[in-house]
Structures are given as structure tokens and as C-alpha cells.
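Structure in C-alpha cells, see below.
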Amino acid sequence: MGRRIYQRVVVALGLCLALVAVPLWAATHDSPESTLRRLLEQPEGAIDLARTKIAIDRMVDPSIDADATLRLVDEWAARARARFPAGASNKVKMDLLISTLYEPGPWNDNRPFGYDYSDPFGQNVENTLLSTYLATRKGQCVIMPIAFLAIGERLGLPLTLTTAPYHLMVKYGDEEQGHWTNFEATSGLFHADSGYEQALNIPPEATHNDTFLRPYTQHETVASFATATLVPFYRQRQQAERMLEVTDAILQANPKDVVAMTQRGDAYYLLIEQQFKAKYPEAEQIPQDLRAIYLDYSRQNLDWYAKAEALGWRQWGPADRERYLQHFNTMKSKSQGGS
């Protein structure tokens, strides 16, 4: 009965809208899981990502003013658009959108968006909400690329999301170069895939399986919104069943979402804690008629982590966390005027 339980240390991951009159965030009697599946059923290529992100955020915080948040997205797109010269190329538009958001000037009331250094490991779910980011103009590697994508979509820019280990970025379809390149929304800089492969030690299995750095479809992008915000919300509330239901929908949309796989592993570990460890401190104390359930949860916990590892996911150890924290504190010091 004594089996290793793999618990991850979390570090901060219907109908086409154009064809319906009811907003995606309109009140319904659907469960959050049913709402997510409805959002994932929208036709590929016709998904309004800003509206969809807001709809998912409202599953976390129903008090969000969806219309007001959408108006802010449109407002930031309009601010950038007002700076476009006639006949501007996508590259020029991209550069002007970057400066509109990140460089102080009249286009942002001299209040550019910047990095939030208050939460080193990105564990505050509220900071992954689009409404929070637009209000505070401070964010991290989850919401910053999502917001950039939502605004850039309004401008017709060729953008999508992608992932690297413990990280989320924007992919920009560079017409001049003829390929996708990565836009780092936390810094406003561009990086080639090779830069992330080296800096983040992406293993050969991940490259072989196309796990990271590939441009996401719209359905995969919507799924990533749920991976980044909805599942961590349910984890904090210790709602294991909802974690399983949501990750099931996510993995149907993106079978290579290794974060969602580890989240499923976490959900089974949470079930073990709630249904067994709380009552039976030792596995040998579990009644015979419940042992099959316990063993199934244990197997699922291990199997989902194994699936993620087979695709190139690696869990951070203490040394990885310490190295990241040192880098975080160095960047924080520089941002506050330190040497």
C-alpha cells in the first residue's frame, strides 16, 4: 500500500460570438465546466479571445464588470491604432503597440504597464485576471502575454500564444522574416526559440514532441486561459473534482498541455488527502472496501506526472527555485533603482 505520491510545487501556468447576440458572460445556469466546454466549441479562427478570457475570469470572480473590461481592451487598441501611420506594416504596428503599452508617454498617460514584483512565484490567482491587470497596469508572465494578445487581436496583428517551461509568451508572425518569433511580454523584447531552449534547459523530449514553443491554435489558447487561471483557482479552493473536470476539457483541446497534466496529478493527490489521509494517517489503516479507490487515485497521480515528463516537463527542485528567486530579486532591485 505504501506508494510514492507525486505532489507538484506550483509555480506560477458552443456558438461563434459573431453569430450570437448574448455575450459570452451572460448569466446562465451552466456549471463552470460546461461554460468552458461551450467556449472551446467556438469555431477555430472566429474566437474573440478578449471576450473569452473575460468569460473565464468571471468564473473566478463573478463581480468582474465584463463590459467595462472589454471597453478597456478596445481603448488600448484604439490608443495604439491612433499612432499608426498610413499604410503601416504589421512590424510597424507591432512596434507601436509595444511602445504604447511599455514606454511612458502621452499614449499611456505616462503610466506604462510593467512587471509586478509583489508575488515571486505567481501564486495570486487574482493577478491572472485581465481586469486586474488593466486596472493596476502591473502583471507577470501569465497575464502580460494574454493581455498583449487580446489587444493585438483587435489590431489584426498575427499573434498567438505559446509556452515554455513555467512560462507563457506571445508568438508573432513576422512577415519580414517569414517565420514566427517570440515576443516576451514581460520585457517587451523579441527572442528566438533557441534563446528559450538554452535559458530554460528545454529537454530533447520536449523538442521532439513539440511540447513547447509551437504557435497555439485559438482552441489551445482558450484552454491555456483555463490552465493559467481557472484550475489554480479551484486548487486554492481545494475543489479536486472541478480540477478534474476542467483539465479534462483542457486536454481535449490541447493534449500536450503538460501543466494541465500535472494539475490532474495534483487533483488526485488532493482527493487522497481529503478522502484518505485526513481519516487514515497510515495507508494500512484504509478499509479493504476503499483500497481500490485509494490505489486508483495513487496510480492516476503518478501516471499524469509520468505523461507530462514523457513530453519533456520537469519539476523544479530547490536549486531551481532558489536560482529563480535570486534572479527575481536582482531584477526587482534594478527596477527600484538598485545597482
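In whole Hz, what ³J(HN,Hα) sequence does the range 156-169 give by Karplus (6.51, -1.76, 1.60; θ = phi - 60°), x for Gly and Pro?
Karplus values, whole Hz, x for Gly and Pro: x, 6, x, 10, 7, 9, 8, 10, 10, x, 6, 7, 10, 9.
Another one. Per-residue HN-Hα couplings for the range 106-117, Karplus 6.51 cos²θ - 1.76 cosθ + 1.60 at θ = phi - 60°, whole Hz, x for Gly and Pro?
Karplus-based 3J(HN,Hα) across the range 106-117 equals x, 5, 10, 6, 6, 10, x, 6, x, 7, 9, 9 Hz.
Residue separation times 0.36 nm, minus the C-alpha to C-alpha distance between PHE190 and HIS327: what's the value?
Extra length from PHE190 to HIS327 when fully extended: 47.4 nm.
Sort ASP289, ASP320, ASP109 so the one with the fewest other Cβ atoms within 10 Å of its own Cβ comes first.
Going from sparsest to densest Cβ surroundings: ASP289, ASP109, ASP320.
Can you give the relative contact order of the range 17-335 as a percent, counting alpha carbon pairs under 8 Å and 6+ residues apart?
Relative contact order, the range 17-335: 15 percent.
Kindly write out, for the range 54-60 in residue order, the coupling ³J(HN,Hα) from the Karplus curve 6.51 cos²θ - 1.76 cosθ + 1.60 (θ = phi - 60°), rounded to whole Hz, with x marking Gly and Pro.
5, 4, 5, 4, 6, 5, 7
Based on the alpha-carbon gyration tensor of the range 39-159 and its eigenvalue square roots a ≥ b ≥ c, which shape applies: rounded if a/c is under 1.5, prolate if not and a/b is larger than b/c, or oblate?
oblate
With +1 on each Lys and Arg Cβ and -1 on each Asp and Glu Cβ, how big is the dipole of the range 17-335 about its Cα centre, in debye rounded to the nearest 20?
Value, rounded to 20: 620 debye.
Also, quick follow-up: Using a basic spin-label model with each label point 7 Å from the Cα along Cα→Cβ, how many nm lie between ARG291 and ASP30?
Reported label-point gap for ARG291 and ASP30 is 4.4 nm.
Under a 5 Å amide H to amide H cut-off, with H placed in plane at 1.01 Å, what residues pair with GLU184 once short-range neighbours are removed?
LEU189, PHE190, HIS191
According to a simple spin-label model (label point 7 Å from Cα along Cα-to-Cβ), what is the distance in nm between SER63 and ARG137?
The answer from the label model is 2.4 nm.
Oh, and also: Whole Å is fine, so just give me how far the alpha carbon centre of the range 78-119 lies from that of the range 196-216.
Centre-to-centre (Cα) distance: 29 Å.
Another one. Starting from the Cα of LYS334, draw a straight line to each of the aspartates and glutamates and keep only those under 16 Å, dropping any in the same chain fewer than 8 residues away.
Of all the aspartates and glutamates, those that pass the test against LYS334 - Cα under 16 Å, at least 8 places apart if same chain - are ASP116.
Report, in whole Å, the centroid distance computed from the Cα atoms of the range 36-55 and the range 269-339.
Spelled out, the Cα-based centre of one part sits 30 Å from the other.
Still on this structure, I have one more. Quick check: pseudo-label points 7 Å beyond the Cα along Cα→Cβ at THR181 and ALA310, how many nm apart are they?
In this crude spin-label approximation the distance works out to 3.7 nm.
Throughout, read-outs are computed from the coordinates displayed, never taken from laboratory work. Fair warning: this is a prediction, and the values are worked out from it, not measured in the lab. Backbone-built Cβ (ideal geometry, glycine too); neighbour counts: all protein chains shown.
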